[in-house]
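K.L.:
This is the structure I have questions about; it appears just below.
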Amino acid sequence: MERPTVLLALQGYATPYVDALQVAGFDVLTDPSVVPDLLANRRGVDLAVLDCDIHDASTVYAELHGTTPVPTILVFSDEPPAWAIGSNTQATRDEYALKPLPADALVYRLQALQIRYNRGARVDAGGWDDASGSEAATIGEGHVVSVFAPKGGVGKTTIAVNLSVALREQTRAQVLLLDADVGVGNVTSILDVPYRMGLADLADSTPEEWTDAAFQQAVCVHGASGVNVLTWGNDPAESERIKVDLLLAAVRWARAHYSYVVIDNHPSYDDRTMAMLAISGEIFLVVTPEVGPLRNAAQFLEVAREVGLGDVVKVIVNRSNHGVSMDDIAETLGKPVSAMIVSNGPKAVAAANEGMPMITKFPGDRMSADLHNVARLLTREPTAVQTEKSRPWWATLAARLSSV
Ligand SMILES: Nc1ncnc2c1ncn2[C@@H]1O[C@H](COP(=O)(O)OP(=O)(O)OP(=O)(O)O)[C@@H](O)[C@H]1O
Ligand SMILES: [Mg+2]
């Protein structure tokens, strides 16, 4: 199986990145002077990482952005240079990262870029796609949203389940709920679906066997809503067998077949979770208005900003009618609150015990209306809050720093 090729134009400090990328399954080139020849011969440079401060960076950038631009992560110390911003408005496949960028973070960002643009990515059992041009861009357009909290028990699964059902009700689109809380979470215990198998059953197969049919077979359907569910499995003893590659392949497959992919994540910073967050277009960070969860959420936002994911995070406050005020939460996190969900005492538990989504069991309840509003963050035209996200992230960062 061919490995995707990454050009690392970093000069001088590439070794830890080369090592981490090779372990993660990439072939790495470190000499930018080979780029014109490679591209002229239609040999693959699937992705690139360009340090904007190196000598001739703008020339390398231009070479990478010929007829078929190579998706590139532009790394810089302070602000991206004008030539990178100007070009990026046309070639929207580029991303930005602030130095220093940890090697692990670079791996996740490249895996995410690879999935987004199918560069060198397997799209089915037929091998690696050489993915050039517009055809590649049409593969896998599904919207991937992660529900995450670094703290357990704040309502992630409740929100992920109800968000999935609400998305389906609001759009009638195809929705997949992926239970990636490996070893712990079990969506199928609060959503009554006929569970047959999970990703753990594919863990011993080779990546070539992770076909559309294999994933499809592991999906179960929630009859009442039509939401499809794919879980990691249900035996904690099997959890170590589920590797990052399998989860990424599952998301790659899901993105190609569903309009929305909702991921219920594990509350930690393990490799699997970081990979899921890195490939998500939106991260719904769930907090409850208490000091502990808020502190953890603030720490997560720091990490997210470091690895360039800060702008895709939206803050969802669960049990919002008790405790710290929304203004104080927004100030602590340096982000506006995007949605609030009231606590409704025993009803959420009663619905879960019956295997029913809250919004189906108690549609007239305030909590159900709030959960629908969470889905509207994805289904509605961008609101004032979302418009802020569309600003270049370094501009948001600059605004935040200047207001300190
Ligand atoms: N807004 C709410 N009002 C009342 N009960 C709620 C609310 N949100 C969640 N719950 C209840 O709180 C409990 C924990 O919720 P949930 O399982 O969704 O959290 P979680 O973050 O997924 O936890 P874990 O980290 O263990 O996976 C459940 O019993 C759920 O029914
Ligand atoms: Mg959970």
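K.L.:
Give me the accessible area per residue for the stretch 174-317, probe 1.4 Å, as a whole number in Å².
P.N.:
On the way: 4920 Å² over 144 residues.
So the stretch 174-317 comes to 34 Å² accessible per residue, rounded to a whole number.
K.L.:
Which FRET efficiency value, to the nearest 0.05, is calculated for residue 37 and residue 354 with the Förster distance at 56 angstrom and r the Cβ-Cβ distance?
P.N.:
Values: r = 64 Å, r/R0 = 1.14.
About 0.30, to the nearest 0.05.
K.L.:
Quick check: net charge around residue 6, other residues with Cβ under 9 Å of its Cβ, Lys/Arg +1 and Asp/Glu -1?
P.N.:
Details: positive: none; negative: 27, 46.
Neighbourhood net charge equals -2.
K.L.:
Same structure again: For the pairs 151/314; 99/151; 156/361; 156/314; 335/361, flag any whose C-alpha to C-alpha distance is greater than 23 Å. Intermediate values should be presented prior to the final figure.
P.N.:
Working: 151/314 16 Å; 99/151 28 Å; 156/361 18 Å; 156/314 13 Å; 335/361 32 Å.
Correct reply: 99/151; 335/361.
K.L.:
Let me ask something additional. Not counting ligands, DNA or RNA, and with a 1.4 Å probe, what is residue 83's accessible surface area in Å² rounded to the nearest 10?
P.N.:
Counting only protein heavy atoms, residue 83 exposes about 80 Å² to solvent.
K.L.:
Something else about it: Among the DSSP beta bridges whose two residues both lie in the stretch 143-391, what percent are antiparallel, rounded to the nearest 5?
P.N.:
On the way: 2 of 30 bridges.
The antiparallel proportion sits near 5 percent.
K.L.:
Roughly how many percent of the accessible protein surface of the stretch 143-391 is carbon and sulfur, given a 1.4 Å probe and a whole-percent answer?
P.N.:
Values: 4810 of 9720 Å².
That fraction is 50 percent.
K.L.:
Continuing with the same structure: Rounded to the nearest 0.05, what FRET efficiency do residue 379 and residue 326 have when you use their Cβ-Cβ distance and R0 = 22 Å?
P.N.:
Working: r = 23 Å, r/R0 = 1.03.
It comes out at approximately 0.45.
K.L.:
Using 0.36 nm per residue of separation minus the Cα-Cα distance, give me the extension gain between residue 78 and residue 56 in nm, one decimal. Don't jump to the answer; show the numbers that get you there.
P.N.:
Working: separation 22, 0.36 × 22 = 7.92 nm, distance 1.80 nm.
Contour length minus Cα-Cα distance gives 6.1 nm.
K.L.:
How big is the accessible area of residue 331 in square angstrom, nearest 10, if you roll a 1.4 angstrom probe over the protein chains?
P.N.:
Only protein atoms counted, so the area is about 150 Å².
K.L.:
Distance in nm between label sites at residue 291 and residue 240, each 7 Å beyond Cα in the beta-carbon direction?
P.N.:
Spacing of the two 7 Å Cα→Cβ label points: 3.8 nm.
K.L.:
How do 368, 189 rank by accessible surface area computed with a 1.4 Å probe, from largest to smallest? Numbers along the way, then the final one.
P.N.:
Working: 368 0, 189 80 Å².
Largest accessible area first, the residues go 189, 368.
K.L.:
Given contacts defined as C-alpha pairs under 8 Å and at least six residues apart, what's the relative contact order of the stretch 143-391, whole-number percent?
P.N.:
On the way: 462 pairs, mean separation 66.7, N = 249.
Reported as a whole number, the value is 27 percent.
K.L.:
For the stretch 143-391, what are the per-bin percents of Cα-Cα distances with bins 5 Å wide, up to the bin holding the maximum?
P.N.:
So the P(r) values, bin by bin, are 1, 6, 15, 19, 21, 17, 12, 6, 2, 0, 0.
K.L.:
So for the pair residue 19, residue 298, with labels modelled 7 Å out along Cα→Cβ, what separation do we get in nm?
P.N.:
Result for the modelled spin labels: 3.5 nm.
The values are calculated or read from the model by the stated rules, or taken from the named source; none is laboratory data. Not measured: the values here are computed from a predicted model. Please note: Cβ atoms are built from the backbone with ideal geometry, for glycine as well, and neighbour counts cover all protein chains shown. Quick note on the areas: whole protein, heavy atoms, side chains included, nothing else; ligands and nucleic acids left out. Shrake-Rupley method; radii C 1.70, N 1.55, O 1.52, S 1.80 Å.
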